[in-house]
1. Restricting to the stretch 199-232, give me the number of residues that are part of a loop (DSSP other than H, G, I, E, B) and more than 15 Å from Ala243 (Cα to Cα).
2. Contact list please: Cβ distance under 8 Å, first residue in the stretch 104-117 and of a type in the set (S, T, N, Q), second residue surrounded by 10 or more Cβ atoms within 10 Å (Cβ to Cβ), pairs at least six apart or on different chains.
3. Residue check: is Lys277 of a type in the set (Lys, Arg) and within 19 Å of Gln351 (Cα to Cα)?
4. For a quick check of your reading of the model, give me the residue pairs whose first member lies in the stretch 233-259 and is over 25 Å from Leu412 (Cβ atoms) and assigned to a helix (DSSP H, G or I), whose second is of a type in the set (Asp, Glu) and open to solvent by less than 80 Å² (accessible area, probe 1.4 Å), with beta-carbon atoms closer than 9 Å and at least 6 apart or on different chains.
5. Only one of (1) at pLDDT 90 or above; (2) over 25 Å from Pro53 (Cβ atoms); (3) hydroxyl-bearing (Ser, Thr, Tyr) is not met by Ser117, so which one is it?
6. When the residues of the stretch 171-185 are filtered to those that are among the small types (Gly, Ala, Ser) and surrounded by fewer than 19 Cβ atoms within 10 Å (Cβ to Cβ), which remaining residue is modelled with the lowest pLDDT?
7. Can you find even one residue in the stretch 292-308 that is crowded, with 20+ Cβ neighbours inside 10 Å, over 23 Å from Ile226 (Cβ atoms) and of a type in the set (Val, Ile, Thr)?
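The values are calculated or read from the model by the stated rules, or taken from the named source; none is laboratory data. Source: prediction; values computed, not measured. Cβ: placed from backbone, ideal geometry, glycine included. Neighbour counts: every protein chain shown. Keep in mind that these areas ignore ligands, DNA and RNA; they rest on the heavy atoms of the full protein, side chains included. Shrake-Rupley method; radii C 1.70, N 1.55, O 1.52, S 1.80 Å.
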Amino acid sequence: MPATKRMGAEIICIGTELLLGEILNSNAQYLASELAALGIPHHYQTVVGDNIPRIHQVLELARQRSQIVLFTGGLGPTPDDLTHEAIASFFETPLVEDLQLLTEIERKFAERGRVMSPSNRKQAFLPQGASALPNPVGSAPGAIWEPEPDLLLLTFPGVPREMHRMWTDTAIPTLRSRGWGREIFHSQVLRFWGTSESGLAEQLGELFDSQNPTVAPYAGKGEVRIRVTARAETAEAARALMAPIVKQIQQIGGSHYYGSDDDTLASVVGDLLQQSKTRVALAETCTGGWIGQQLTAIPGSSAYFAGSVVAYDNAVKESVLDVDKETAIKHGSVSAEVVTQMALGVKRALQSDWGVAISGIAGPGGGSEEKPVGLTYVAIARPDGSVETSERRFGARRGREWVRWLASQSALDRLRRNLLAASSSV
């Protein structure tokens, strides 16, 4: 028996193909989100190859620390499908053929007009004392087994479609019948742009010590995300627990906070444009239409998006956006002066309330000591004719697409802040 107290659930994904990166391990993500929805604590995930001694090693650890162990993969008919064999041998229990399972597997093959291969008979063997976890959409049944008190094992095939159905149909009712799933985890992700993970984390300070709700920071693609998670009997109760901390974090983040959960800078900008009943036009160079693509990906964006001009060539800037040729020669096409004229020009040409222009050096070439790769300028032409221009230097280390992404998001963020300022002054 384990010396330490078992807690929560653990996921063990079996398959050498996972270790080689040949298959994306979406099963772990799915099960993790499902465990959270049931309010079952989940502390460990392991990927192990098709090797019985190594499966024994990870099972020994799981046995010591977890009450529920979920296995995916290794239930097929081939010699390297070893999950049930490994589990049975670990607990020194024989595999026993389940004749009802065998009949069910044969029936499934017959329904498809096929004769069951002798190798598929292997799938009818379960550890002695285990119950079958039915697979209504595939040939590989799983197992539900309690080899020791306070230790529940559930096995699933690695095929996601089959595993999802088995989880929903049988695993969830089984867990609920054993007292699990009486509480849920509910999370809200707060999104910030224009601040660093370390800087925001320093401001949040002792909030990270909270136990229920918990607070955790994440960084990704230039933004900072703060996840707040509460455990309660209902989603409504969890939200009530979270509300004071969510409000506090939003206040600390200030203007850097732009939305929650599935919000994007583009969707938030779209909402603000709709609320203000104004329209925007874009003039893009280094982003190549990326900002326009993000805005038009949102249903209903025709109400607030006038159009976009991708002005890579200086001749286009001059003829379509009324950029002064002498200004471009004197200051360069990547400059505050030129991007200002682009914003005003596109606003005028497309008869919009707002004009947004962006110009930059995305790389990998084209930079200089004075104007390095990663340099970008964004101009926001406001409804009153004034223009805000900002400069950012993103650096070349992460490559061209990274610069273009940060540039597009920064332009959307500048527009967002201007829209908020305009609405607050009304």
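1. 2
2. Taking only residues 6 or more apart or on different chains, the pairs are Ser117/Pro77.
3. Against the criterion (of a type in the set (Lys, Arg) and within 19 Å of Gln351 (Cα to Cα)), Lys277 qualifies.
4. Listed pairs, sorted by first residue: Ala238/Glu183.
5. Status for Ser117: all satisfied but (1).
6. Of everything passing the filter in the stretch 171-185, Gly181 is modelled with the lowest pLDDT.
7. no
Conditions (1) open to solvent by 60 Å² or more (accessible area, probe 1.4 Å); (2) in contact (Cβ under 8 Å) with a residue 60 or more places away in the chain, marked per residue:
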site	(1), (2)
Ser335	no, no
Val339	no, no
Arg348	yes, no
Asp353	no, yes
Gly360	no, yes
Asp384	yes, no
Glu388	no, no
Glu391	yes, no
